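Novice: Got a structure for you, written out below as structure tokens; questions coming shortly.
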Amino acid sequence: MKLTYKTTAKACYLGYITQAAVNNLAPLLFIVFNTKYGLSYDLISVLILLNFITQLATDALSVKLCHVLSTRTLVVSAHIMCAAGLLMMGVLPMLIPVPFAGLCAAVIIYAVGGGLIEVLVSPIIEALPEDGRNKAAAMSLLHSFYCWGQAAVILLSTGYIAFFGDGIWYLLPMFWALLPAANAILFTKAPLVPEPPPSEQSKLRSVFTRKGFILIMILMLCAGACELTISQWSSMFAQRGLEVTKAVGDLLGPCLFALLMGGGRLLNSLLAHKINLYAVLTASGVLCAACYVTVSLSDNALLSLTACAVCGLSVAVMWPGTFSLAAEKYKDGGTGMFGIMALCGDLGCASGPFLAGMICDTALSSGATEAEGMRAGFSLALIFPILLTVGAILLRRTGKNN
């Protein structure tokens, strides 16, 4: 049977579900790592940082790799590494004397795969024939599958822990490893639109010098930090800070966060031809800041969990919207431009949760409760939605001037 570009789009959607699995499975197991292996908050922060620092390095390296290896080779390899890393997460902590080292090794391997997926899948979708939809709609729809993947990871994993307990937690990452393994096979057959040769793409140095691109990079950094700080810490915050059960905390916190984020991206894909992305990004930053303020100040568990969930809606358009703006403004940027943007986004993904965790650990060392420490971390992260709001306003003015 001859495969079409619809198969390619489906493989891209599964690629983003894979990335959701490698980014969001470990946070659901932070309590397990803390109780079974004695990992402190700062060591857990290191796992988050290691994931996204590795993705950062991969993003930077991919700019060169894309000119040496084919897109198919890289995207298949990315999925294989995701599968290998998830398998290692379940196996290595039980096999080596220092479980933390095993977790670090697993994180590094699947983070390389996740970084490559982030760089490669967006330009693959961008290159496909439009099929009646504009590019912004296609990009937003693609990124919505990250949210559906995140929700699926939370629902299935939380259900597994609730039903079987955490005694056999290690089977979870092995189960999720099946997804990237299957998608690697699909990508070996799916048709891909050939990339323009490097000579036809804008050189990265010239992209950097173009008006507004520095603001695009700042928006990407803030988008990553706004999204990941809440999504990485909300499960632990619900259990330790708000003292609700894991099932309730995961469902009302990160799961509802993912569903609202996915719904926002799906709605944006349907209305992309009618909305102004600059205005939506500005409004998103304001709403996100309000959510962070609520989580930081409110002692009410239901209100705090609601703010965590609504934050998902506020960040929905930040990442895909910035990608779409860049693709529209710098049409000849090529895969290298997407690599730079992914690098900036992952820098935000790494710095936001890491800084929040370090502030929390510092507050605990000073005698604060776990709830107070986590709220202190979220209050520091408020700087990211504020910067994104200002950046979106300035970028809009830059567009008007042009």
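Novice: So for the pair residue 390, residue 271, with labels modelled 7 Å out along Cα→Cβ, what separation do we get in nm?
Specialist: 2.9
Novice: Treating only the Cβ atoms of Lys and Arg (+1) and Asp and Glu (-1) as charged, compute the dipole magnitude of the stretch 285-402 about its Cα centre; round to the nearest 20 debye.
Specialist: The dipole magnitude comes to about 600 debye.
Novice: Which order do peptides 79-85, 101-107, 230-236 fall in by mean Cβ count within 10 Å, highest first? Write down the numbers at each step before the final one.
Specialist: Values: 79-85: 23.6, 101-107: 20.1, 230-236: 28.1.
Output ranking for 79-85, 101-107, 230-236: 230-236, 79-85, 101-107.
Novice: On a C-alpha basis, how far is the centre of the stretch 214-251 from the centre of the stretch 1-30 in Å? Whole number, if you could?
Specialist: One Cα centre to the other: 21 Å.
Novice: Report the far tail of the P(r) of the stretch 1-89, meaning the percent of Cα-Cα pairs longer than 23 Å.
Specialist: Numbers: 1467 of 3916 pairs.
Across the stretch 1-89, Cα pairs with separations above 23 Å total 37 percent.
Novice: Out of (i) 71, 44, 41; (ii) 57, 47, 34; (iii) 77, 43, 39, which label holds the value of Cα extents along the principal axes in Å that was computed here?
Specialist: (ii)
Novice: Compute the length gained on full extension between residue 243 and residue 211: take 0.36 nm times their separation in residues and subtract their Cα-Cα distance, giving the result in nm to one decimal. Please report the intermediate quantities before stating the final value.
Specialist: Values: separation 32, 0.36 × 32 = 11.52 nm, distance 4.83 nm.
In short, 6.7 nm is gained.
Novice: Return the sequence-ordered ³J(HN,Hα) values of the stretch 71-84 in whole Hz as given by the Karplus equation 6.51 cos²θ - 1.76 cosθ + 1.60 applied to θ = phi - 60°, using x for Gly and Pro.
Specialist: Once rounded to whole Hz, the list reads 4, 4, 4, 5, 6, 5, 4, 4, 5, 4, 5, 4, 4, 5.
Novice: Would you please give the residues with an amide H less than 5 Å from that of residue 96, counting only those at least 5 places away or on a separate chain, with H modeled from the backbone geometry?
Specialist: none
Novice: Over the residues of the stretch 1-42, compute the C-alpha Rg and express it relative to 2.2 N^0.38 Å. It would help to have the intermediate numbers written out before the result.
Specialist: Details: Rg = 17.4 Å, N = 42, 2.2 N^0.38 = 9.1 Å.
For the stretch 1-42, the normalised Cα radius of gyration is 1.91.
Novice: Also: Per the helix-only calculation at 222 nm, which mean residue ellipticity applies to the chain, given -39500 (n - 2.57) for every DSSP H run of n ≥ 4 and division by its residues, nearest 500 deg cm²/dmol?
Specialist: On the way: 18 runs with 320 residues, N = 402.
That comes out to -27000 deg cm²/dmol.
Novice: In debye, nearest 20: dipole of the chain around its Cα centre with unit charges on the Cβ of K, R (+) and D, E (-)? Before the final figure, lay out each step's value.
Specialist: Numbers: 23 positive and 19 negative charges, 248 e Å.
My answer is approximately 1200 debye.
Novice: Still on this model: Using the Karplus curve 6.51 cos²θ - 1.76 cosθ + 1.60 with θ = phi - 60°, what ³J(HN,Hα) values do you get for each residue of the stretch 251-261, in whole Hz, with x for Gly and Pro?
Specialist: Result, rounded to whole Hz: 6, 8, x, x, 5, 5, 4, 5, 5, 5, 5.
Novice: I need to check one value: relative contact order of the stretch 209-330, counting alpha carbon pairs closer than 8 Å and at least 6 residues apart, in percent. Intermediate results must be reported in sequence, preceding the final value.
Specialist: On the way: 120 pairs, mean separation 44.9, N = 122.
It rounds to 37 percent for the stretch 209-330.
Novice: Under a Cβ-Cβ cut-off of 14 Å, what is the net charge of the residues other than residue 348 that fall near it, where Lys and Arg count +1 and Asp and Glu count -1? Provide the component values of the computation, followed by the final result.
Specialist: Values: positive: none; negative: 59, 118, 227, 346.
Around residue 348, the surrounding residues sum to -4.
Novice: Tell me, what ³J(HN,Hα) does each residue in the stretch 214-220 have, in order and in whole Hz, if you take phi through Karplus 6.51 cos²θ - 1.76 cosθ + 1.60 with θ = phi - 60° and put x for Gly and Pro?
Specialist: Here the 3J(HN,Hα) series is 4, 5, 4, 5, 5, 4, 5 Hz.
Novice: Just want the answer: with Cβ charges of +1 for Lys and Arg and -1 for Asp and Glu, which residue in 46, 57, 128 is farthest toward the dipole's positive end in the chain?
Specialist: Result: 128.
Readers should treat all values here as calculations from the given coordinates under stated rules, not as data from a laboratory. No experiment lies behind these values; they were computed from the predicted model shown. Glycine gets a Cβ as well: all are built from the backbone with ideal geometry, and neighbour counts include every protein chain shown.
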